[in-house]
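Undergrad: Structure incoming, see below.
Nothing in this text is a laboratory measurement; each read-out follows from the coordinates by a stated rule. None of the values given here were measured: they were computed from a predicted structure. Reconstructed Cβ throughout: ideal geometry from the backbone, glycine too, with neighbour counts over all protein chains shown.
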Amino acid sequence: MIKRIIKKFLPKQILFFYHQALAILASFFYGQPSNKLIVIGVTGTAGKSTTVYLIGKMLEKSGWRVGWTSSISFKGTNGEITNKEKMTMPGRFFLQKFLAGLVKNNYQAVIIETSSEGILQSRHLGINYDAIVFTNLSPEHIEVHGGFENYKKTKAKLFVHLKKQKNKIINGQEIKKTIFVNLDNEHADYFLSFSADEYFGYGIKNKELGIRSKKIQTIKAENVANSSFTIHDSSFQLHLSGKFNIYNALATISVGQWFKIPLEQAKKSLESINLIPGRMEEVIGQPFKVIVDYAHTPVELENVYQSFPNKNLICLLSSAGGGRDKWKRPMLGKLAAQYCQQIILTDEDPYDENPTTIIKEIEAGFLPTTNYQIILNRREAIKKALSLAKPNDIIIITGKGCEPWMCVANGQKVAWDDRKIVKDFLQNLES
């Protein structure tokens, strides 16, 4: 609490140098462990956690000793554990200690979900990245960054940082600085413009967006339908719903190519994964479906809704939390009104903001004909959604995914798990 108050009153320039100094100090304190690992950063607005997970599993199945950090979990010397930090990119000393532990236990590679807020606080400094994967970019954290262009420029700092670091020699082999870009995203041009040794592009449309002077190795998905696609003569059938997961899979395949992993091995790994915790996770399959997803931006929310065309959707809707990103609240309401047959507005992570105020701002995006009700208590809202469902309906619970906490006023945290609450209610109904 005292630390938070001090930071609030420090001039921005001093705070900037404070963050930088901590990052560099942490790296030196733990012996600059990132110099002894192949380090892949995954950044973008959406799909980061899933992409980290998919890459990690593919490398594991291919015999690599690999760790990772993401919003979902930390995979290291203690196995895979849930991320309970309520933080996508952990603090500098936590992260450097984690990397040092991997080095000590002879790990070869690590994947780091690298957020814009982490970059803003210089958490990427002191880490020698070898590759950056760019998933996509759409408006998010606008208030924190002071506009979309600033948000984009913050992401760009990671790409600048990539080439500033020396190329590593690991096991006698030089690790080339490499950029992986989703070619179908409108900002692909921008992120391909940064200096690197190698470039990989992936996509469904396979647009090379004007970057003709660079040699880009491309992965092109064809015959895309639902969760299936083909690359060359290989047919892929994912068990993860949503077109956006095809992009996450393509990013993974691209990284696999960089690691010289055969396409069939990447296919085997991707097809073996049935769920990503809290990401389009099917908690209940019969007599109706219950889907829990982390989606909390307009683009993510629309992607989730579009994954279930011509279905009766009962949607539990909340904002991305109190005190931030207020601009998107009416947009979330508008999207829910467009796709969902029944909507329940509820609480998420209000922090110190009045939950009723948040709800009203989401409600402003509704149409006069929107079928909705407000139940602030999230547990009761879930219970109500379950009571409304009929066979073949789909309940979509968004906003928290597999997060283990509800963040309320005065810095308090309440233990939480949307998935467990769903299962507990249904178990009580059946008993």
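Undergrad: I need the shape label for the range 319-431. Rule: rounded when a/c is under 1.5, else prolate if a/b > b/c, else oblate, with a, b, c from the alpha carbon gyration tensor.
TA: oblate
Undergrad: Can you give the calculated 222 nm mean residue ellipticity of the chain, where each DSSP H run of n ≥ 4 adds -39,500 (n - 2.57) and the sum is split over every residue, rounded to the nearest 500 deg cm²/dmol?
TA: My calculation for the chain gives -11500 deg cm²/dmol from helical runs alone.
Undergrad: Once fully extended, how much extra length lies between THR218 and PHE94, figured as 0.36 nm per residue of separation less the alpha-carbon to alpha-carbon distance?
TA: Full-extension gain reported as 41.1 nm.
Undergrad: State the extension gain, in nm to one decimal, for the chain segment bounded by GLU380 and GLN427, taking 0.36 nm per residue of separation less the distance between their alpha-carbons.
TA: Using 0.36 nm per residue and subtracting the Cα-Cα distance, I get 15.4 nm.
Undergrad: Here's something else I'd like to know. Along the charge dipole of the chain, pointing to its positive end and built from +1/-1 on Cβ of Lys, Arg, Asp and Glu, which listed residue (ILE358, ILE291, LEU99) has its Cα farthest out?
TA: The listed residue farthest towards the positive side: LEU99.
Undergrad: Sticking with this structure for a sec: Tell me, what HN-Hα J-couplings in whole Hz come from the Karplus equation 6.51 cos²θ - 1.76 cosθ + 1.60 at θ = phi - 60° for each residue of the range 363-371, using x for Gly and Pro?
TA: Once θ is set to phi - 60°, the couplings for the range 363-371 become 4, 4, x, 6, 8, x, 8, 5, 8 Hz.
Undergrad: Label-point separation (nm) for LEU367 and LYS153, each offset 7 Å from Cα along Cα-to-Cβ?
TA: Reported label-point gap for LEU367 and LYS153 is 4.0 nm.
Undergrad: Next up: Contour minus end-to-end for GLU264 and ASP352, with contour as 0.36 nm per residue of separation and end-to-end as the Cα-Cα distance?
TA: 26.7 nm
Undergrad: For the range 2-271, give the magnitude of the charge dipole about the Cα centre (Cβ charges: +1 Lys/Arg, -1 Asp/Glu; no others), in debye to the nearest 20.
TA: The calculated dipole for the range 2-271 is roughly 920 debye.
Undergrad: Where does each of CYS407, CYS340 land when they are ranked from fewest to most other beta-carbon atoms within 10 angstrom?
TA: CYS407, CYS340
Undergrad: Which far-off residues, 5 or more places away or on another chain, put their amide H under 5 Å from the one on ASN136, with H placed in the peptide plane?
TA: THR45, ALA46
Undergrad: Using Cα atoms only, what is the angle between the long axis of helix 378-388 and the major principal axis of the chain, expressed in degrees (0 to 90) to the nearest 10?
TA: Helix 378-388 sits at roughly 60 degrees to that axis.
Undergrad: Using per-residue counts of other Cβ atoms within 10 Å, averaged over each peptide, order 265-274, 124-133 from highest down.
TA: 124-133, 265-274
Undergrad: Using r as the Cβ-Cβ distance of HIS239 and ASN78, and R0 as 22 Å, what FRET efficiency do you calculate, to the nearest 0.05?
TA: 0.20
Undergrad: Over the chain, what is the percentage of antiparallel beta bridges among all DSSP beta bridges, to the nearest 5?
TA: The answer is about 35 percent antiparallel.
Undergrad: Here's a follow-up. Would you mind ranking GLU403, GLU302, GLU113 so that the residue whose beta carbon has the fewest other beta carbons within 10 Å leads the list?
TA: Least crowded to most crowded, the residues run GLU302, GLU403, GLU113.
Undergrad: With both bridge residues required to lie in the range 145-253, what share of the DSSP beta bridges run antiparallel, to the nearest 5%?
TA: For the range 145-253, the DSSP antiparallel bridge percentage is about 45.
Undergrad: At a Förster distance of 25 Å, what's the computed FRET efficiency of PHE17 paired with LYS86, Cβ-Cβ distance as r, to 0.05?
TA: Using R0 = 25 Å, I get an efficiency of 0.45.
Undergrad: For the pairs LYS86/LYS152; LYS168/LYS215; LYS267/LYS400; LYS104/LYS400; LYS84/LYS260, flag any whose C-alpha to C-alpha distance is greater than 27 Å.
TA: LYS267/LYS400; LYS104/LYS400; LYS84/LYS260
Undergrad: Note the angle between two axes, namely the Cα long axis of helix 48-61 and the longest principal axis of the Cα atoms of the chain, as a number of degrees from 0 to 90, rounded to the nearest 10.
TA: Taking Cα atoms only, the helix is inclined about 60 degrees.
Undergrad: Still on this structure: Which one of THR51, ILE231, ILE397 has its Cα pushed farthest toward the positive end of the charge dipole of the chain, where Lys and Arg give +1 and Asp and Glu give -1 at the Cβ?
TA: Of the listed residues, the answer is THR51.
Undergrad: Right, another one. Give the cross-link partners of LYS311 among the lysines, using a straight C-alpha distance below 20 Å as the criterion and excluding same-chain residues fewer than 8 apart.
TA: LYS243, LYS289, LYS334, LYS384, LYS390
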